[in-house]
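Please read the structure below before turning to the comments.
Bear in mind that the values in this text are calculations on the coordinates, not laboratory data. Every value quoted in this text rests on a predicted model; they were computed, and no experiment measured them. FYI the Cβ positions are ideal-geometry reconstructions off the backbone, even for glycines, and counts take in every protein chain you see.
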Amino acid sequence: MEPHLPTLAQTFRNAGYQAYAVGKTHTYPQRDRIGFDDVLLDDEGRTLYGVTDDYEIFLGDQGFVGQQFGHGMSNNAYQATAWHLPERVHATNWATDAMQRFVRRRDPTRPAFWYLGYRHPHPPLVPPQRFLDHYADVEIDVPFVGEWSQSDDLPYMLQGVKSRGHYSEREIRWARRAFYALCTHIDQQIGALIGTIREEGILDETIIMFTSDHGDMLGNHDMWAKQTFYEGSANVPMILMGEKDDRRVGFNRTDDRLLGLQDIMPTLLGLAGISVPETCTGQSMFTDECRSFVYGEFGEEGPATRMIRTTTHKLIWFPVGNHFQLFDMSNDPNEMNDLANQKSSAGVLADLKSLLKDQLYGSDEKWLSDGELVGEEAKKYWPGPNREISLTRGHQWPVPPINPKGSMKFFPEAPKGWDGSVPEK
């Protein structure tokens, strides 16, 4: 992001607020405070970039130096086990405790903006045992799989996504149980945090927003993690509590308007009565004008994907192979039926393609020819070995060195035509 653009935290500070953050920010450089007065960082032990984060320092202070990944679970795969250290030092507990301390230590003469970025339920799937026990007698649901996802003619991007996770039914149920346990753990910790705000006597003057950076497919359509525009990955929570008696927000109500994460900034600033910077591209969720569609983009090269989501339909475009998918979100919320090749949907498909063309810019324009979406030639994905083992981490003491090779390849690919076999002697 260009350094002159005001962040949400900086805009609040410019209006006289104190601003503090705890948890994941995923900035680079890692200690960039992006406008906050201070950040207590949990960057998931990413020492490969040269920083020991505050959660790792905390663990050392508690006598568990370097031990956070002793469970052996990966940061981007779906094996699961119970948390191996005392619950009180779990990343979710640490983040909650740190934020409660910021609330208690606030300057009472000034308003405050707080950001809490929980690490979980993102892998590693390591909930404390008592939360696994909470789901011990619950029948865990299994993923739903659309017939389209079983095709032998999937686009390059989906071939790569589906190559990443192959789990037995037992492993799938175990992963989903652990994921739900991590969510319940967070639910209870949020309860403690809101209790602190109430005990401080400021709950009636506090706005609380709960959302997420992405979802997780959790095996639906034979896919895991994020990076796709299906509902499990792209449709994230948005729960908002206003100040006491704020008629703009209300209570016990839902609003099904289309929103994007870019709308958080103008929404919160508007509720606080702070002018929205002209550089902000989102719009408040409390305007009479509702979005007619949301545009989404992922990637620049082979796995690139683009999306148009209206109130009723979703178009997903894979430029490599010029492959389109169309889903009727009103009648098929689980995206079981791809309508892109049905004559009855030709009109809707054409309308959404037109919207999509209007959104493309910069390097994406190479996928247009004479005003039409043409993408580029299809290709086959050749799965390669996962040599980064999905960012499984080891002992963090002594602190591992800066590692230029430490980034994960989400789509490890073998040389064209090689399936891993070796010549016969």
Inset, instruction - Treating only the Cβ atoms of Lys and Arg (+1) and Asp and Glu (-1) as charged, compute the dipole magnitude of the chain about its Cα centre; round to the nearest 20 debye. - result: 820
Legend entry - Ranked by how many other beta carbons lie within 10 Å on average, peptides 348-361, 287-300 from highest: 348-361, 287-300
Inset, instruction - Would you mind putting 234-240, 104-110, 400-406 in packing order, based on average other-beta-carbon counts within 10 Å, highest first? - result: 234-240, 400-406, 104-110
Inset, instruction - Note down the net charge around TYR156, summing +1 for each Lys or Arg and -1 for each Asp or Glu among other residues with Cβ under 9 Å from its Cβ. - result: +2
Legend entry - the range 357-425: C-alpha gyration tensor shape, a/c 1.5 cut-off, then a/b vs b/c: oblate
Legend entry - Percentage relative contact order, the chain, counting C-alpha pairs under 8 Å, at least six apart: 17
Inset, instruction - Report, please, the projected area of the range 1-104 averaged over directions, based on the convex hull of its C-alpha atoms, in nm². - result: 8.0
Inset, instruction - On a C-alpha basis, how far is the centre of the range 104-134 from the centre of the range 182-210 in Å? Whole number, if you could? - result: 10
Inset, instruction - Only helical DSSP H runs with n ≥ 4 go in: add -39500 (n - 2.57) per run for the chain, normalise by residue count and round the 222 nm mean residue ellipticity to 500 deg cm²/dmol. - result: -7000 deg cm²/dmol
Legend entry - Antiparallel DSSP beta bridges within the range 8-283, percent to nearest 5: 25
